[in-house]
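Worksheet: the structure to be examined is printed underneath.
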Amino acid sequence: GHPAPLSLAEDAEGETLDLSEDEPPPRRRKHAPMGDTPEEWKRHRLAIKEAFPQGWSPPRKLSREAMDGLRAMHIYDKRTFSTPVLAEKFKISPEAVRRILRSKWEPSREQRARFAERERR
């Protein structure tokens, strides 16, 4: 057969190499700031509060399938399917599109079945 492969932990003389690290690796952030400063965020929040003083309640609501389709279109091509384009296509406000795209919540299978049943009625 073939000779056994050489160990990566041993050098040419057969001595074991020290592979331990003196310091732990530096911790990295999951996501670096994308450029939004806290001041811009505060201005946006104030603008939304002015636009919706009673809170967010869109006049037209989309089905779960429509929201999934909206997200899929945006993921497919962010430039072609930008927020204003999607708002016009689905006949909802750009703020509603922004909130749908930002949302990460996914219903469980049972919840999905319940929602589908409610939409059928």
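Here are the numbers for the structure shown:
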quantity	calculated
Cα gyration tensor shape for segment 35-74, rounded if a/c is under 1.5, else prolate or oblate	oblate
Rounded, prolate or oblate (a/c below 1.5 giving rounded, otherwise prolate when a/b exceeds b/c) for segment 55-107 by Cα gyration tensor	oblate
Fully extended contour minus Cα-Cα distance, from residue 57 to residue 77, at 0.36 nm per residue	4.4 nm
Net charge of Cβ neighbours under 13 Å - reference residue 58; Lys, Arg +1; Asp, Glu -1	+4
Ranked packing of 66-73, 100-107, 54-61, most packed first, by mean Cβ within 10 Å	66-73, 100-107, 54-61
Accessible surface of segment 55-121 [probe 1.4 Å, protein heavy atoms]: carbon and sulfur percent	55 percent
Summed residue charge, Cβ within 11 Å of residue 47's Cβ, Lys/Arg positive, Asp/Glu negative	+1
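The values are calculated or read from the model by the stated rules, or taken from the named source; none is laboratory data. Because the structure is a prediction, the values reported are computed rather than measured. In this analysis, Cβ positions are derived from the backbone assuming ideal geometry, glycine residues included, and neighbour counts consider all displayed protein chains. Quick note on the areas: whole protein, heavy atoms, side chains included, nothing else; ligands and nucleic acids left out. Shrake-Rupley method; radii C 1.70, N 1.55, O 1.52, S 1.80 Å.
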